[in-house]
Amino acid sequence: MPFQVVPATGAVLQQVLDDTFSLWNDGLSRDNYGKAWAAQLKTPWGSTHLDRVALVDGPHVVSSAKRYDLSLRLDGRNRRCLGIGAVFTAPAYRGRGGGRELLTRMLEAAVAEGQEFAMLFSEIAPAFYERLDFVPVPLAEWTIEVDQKRGGAPAMLVRSGDDRDLHNIVEMSAKRAEGARLALDRSEDFVKFGISRKRLLSGFSPAATRDTEFLVVEEGHQAVAYLVCTSIDGRWIIEEAGDRDPAGARLGAMLQVMLARTPGERLPEIRAWWPHALVPPQLRVAASTSTQEVLMIRPLKDRMLPLPPLAAEEVVYWHADYF
Ligand SMILES: CC(C)(COP(=O)(O)OP(=O)(O)OC[C@H]1O[C@@H](n2cnc3c(N)ncnc32)[C@H](O)[C@@H]1OP(=O)(O)O)[C@@H](O)C(=O)NCCC(=O)NCCS
C-alpha cells in the first residue's frame, strides 16, 4: 500500500510529538511540549491557519511537518504562502524518500488550495530543499548594543502591551513592510498568535528559565512604539518591535528603560532580526551574521515566475515570525 498523507491528530499526533520532542522541545517537558502545541491550535489564528500533517505507512508514521497558511508581501503584492516547519522523518525510515514525498504532496495540496508560494526555515544543509526548487533568502541577525543613558532611564512611560494595542502594532508593521521587497503581511490575529506562542513557551518552561515581555509606549491613548522581547540565560532576543517615528528614537529609549530596571546586573547580549532601515540613535550594531536557520522560498503556481534575487536589506522578517 502506498504511503498516505493524513492530518496529524489523535494517535498519529502523539507519535509525531514523541518523535520530534528530543529535537524541538525548547527546554519543555514532554507533557508541556504537547500542551504548548495544543494551545497554539486554540488561538484564533492557529485554529484556522496552522496544522500538522503526516505521511503514514499503515499504522507507522514515516514523516511529518507543520503547515502555516501565511500572507506574504512580495514585491508589493500580497500572496498566500505555505509555511512549512518541523519536517521530520522517523529514524527507521530515513533515506527512503519519505521526507521528499511528504514535501512534494504538501506543495501539490498548497497549489490546489490557491497558495502561490512556499517558505521554510532550513536547519540542515539547504541542498535537500534546493532539490525541491527552494532558494535561500538572505536574512541577518544583529547583535545590538544600547547606549546606556547617563543619569538614569529616560522619563518615558512604558507599560505592558495588550489586545487594544494590536491595531497600532499592525499599522507599524505594515508601514515598515512598505519599504521591503519581502515581508509578512501581519494581521491582528497573526501578531497575537506570535506573542501568545512566545508567552506559552515561556509559561510552560521550567521556572525562571525563559521570560517574554510585551511592552508599549503610549501617547494620546495610542501605542506609538512597542517591543516583544524574550530573555533566556542572560540573552535577549527582540522578537519584534516598532516605532511610529521612522528614526525609532522611542524604541531605543524603551531598551534603555528596560536595561535601567536592573542596573547592577551584567548587561544582556541583545540579538534581533532587525530591519536594516531601522536603527534607533541609541543603538549600535556590534555584529551582523546570517541567521542560523536559512529562510528559503519557492513559487508554487507559476514555476517560471521570476523572483529576482533578494538582498538582506530588502527583507523585513522578525524573529517572532520564525516557524
Ligand atoms: C531531513 C530529514 C527530514 C530527511 O528525511 P528523509 O525521509 O530521510 O529524506 P529523503 O529520504 O526524502 O531524502 C534523503 C535526502 O535528505 C538528505 N538529508 C538527510 N538529512 C540531512 C541533513 N541533516 N542535512 C542535509 N541533507 C540531509 C540526505 O542526504 C538525502 O539525500 P540523497 O537523496 O542525496 O542521499 C530527516 O533526515 C530528519 O528527520 N532529520 C531530523 C530532523 C531535521 O533536521 N529536519 C529538518 C528540519 S529543517
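The values are calculated or read from the model by the stated rules, or taken from the named source; none is laboratory data. Owing to the predicted nature of the structure, the values given are computational and were not obtained by experimental measurement. For neighbour counting, all protein chains shown are included, and Cβ atoms are generated from backbone atoms with ideal geometry for every residue, glycine included. Side chains included, ligands, DNA and RNA excluded: accessible areas come from the protein's heavy atoms. Shrake-Rupley method; radii C 1.70, N 1.55, O 1.52, S 1.80 Å.
Below is a table of values for the structure above.
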item: Thr143 in contact with a Ser or Thr (Cβ under 8 Å, 6 or more places away or on another chain), modelled with pLDDT of 95 or more and more than 14 Å from the ligand (Cβ to nearest atom); result: yes
item: Condition check for Ala90: farther than 22 Å from Leu300 by Cα and within 16 Å of the ligand (Cβ to nearest atom); result: yes
item: Hey, Ala86 outside any strand (DSSP E or B) and of a type in the set (A, V, I, L, M, F, W, C) or not; result: no
item: Residue among Ala118, Ala127, Ala153 that alone is touching a helix residue (DSSP H, G or I) at 6+ places or on another chain (Cβ under 7 Å) and in the same structural domain as Gln40 (by TED's automatic domain parsing); result: Ala118
item: Among (1) surrounded by fewer than 17 Cβ atoms within 10 Å (Cβ to Cβ); (2) farther than 30 Å from Glu101 by Cα; (3) not hydroxyl-bearing (Ser, Thr, Tyr) - the single one Pro136 does not satisfy; result: (2)
item: One residue from Gly83, Gly114 being more than 10 Å from the ligand (Cβ to nearest atom), in contact with a strand residue (DSSP E or B) (Cβ under 9 Å, 6 or more places away or on another chain), within 25 Å of Asp57 (Cα to Cα) and not acidic (Asp, Glu); result: Gly83
item: Some residue of segment 98-111 being β-branched (Val, Ile, Thr) and more than 12 Å from the ligand (Cβ to nearest atom); result: yes
item: Residue within segment 17-26 that is over 24 Å from Glu101 (Cβ atoms) and under 22 Å from the mean Cα position of the chain (by Cα) present; result: yes
item: Any chance Asp57 is within 16 Å of the ligand (Cβ to nearest atom) and either of a type in the set (Asp, Glu) or modelled with pLDDT under 95 (or both); result: yes
item: Qualifying positions in segment 211-233 - over 18 Å from the mean Cα position of the chain (by Cα) and open to solvent by less than 50 Å² (accessible area, probe 1.4 Å); result: Leu215, Val216, Val217, Ala223, Val224, Ala225
item: Odd one out for Trp274, checked against (1) within 27 Å of Arg199 (Cα to Cα); (2) open to solvent by less than 30 Å² (accessible area, probe 1.4 Å); (3) not in a loop (DSSP other than H, G, I, E, B); result: (3)
item: All positions within segment 173-194 that are open to solvent by 50 Å² or more (accessible area, probe 1.4 Å) and not in a loop (DSSP other than H, G, I, E, B); result: Ala174, Lys175, Arg176, Glu178, Glu188, Asp189, Lys192
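Matching residues to (1) buried (at least 17 other Cβ atoms within 10 Å of the Cβ); (2) of a type outside the set (D, E, K, R); (3) over 20 Å from Phe3 (Cβ atoms):
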{"residue": "Leu72", "(1), (2), (3)": "yes, yes, yes"}
{"residue": "Gly76", "(1), (2), (3)": "no, yes, yes"}
{"residue": "Val87", "(1), (2), (3)": "yes, yes, no"}
{"residue": "Gly98", "(1), (2), (3)": "yes, yes, no"}
{"residue": "Thr104", "(1), (2), (3)": "no, yes, no"}
{"residue": "Leu107", "(1), (2), (3)": "yes, yes, no"}
{"residue": "Ala112", "(1), (2), (3)": "no, yes, no"}
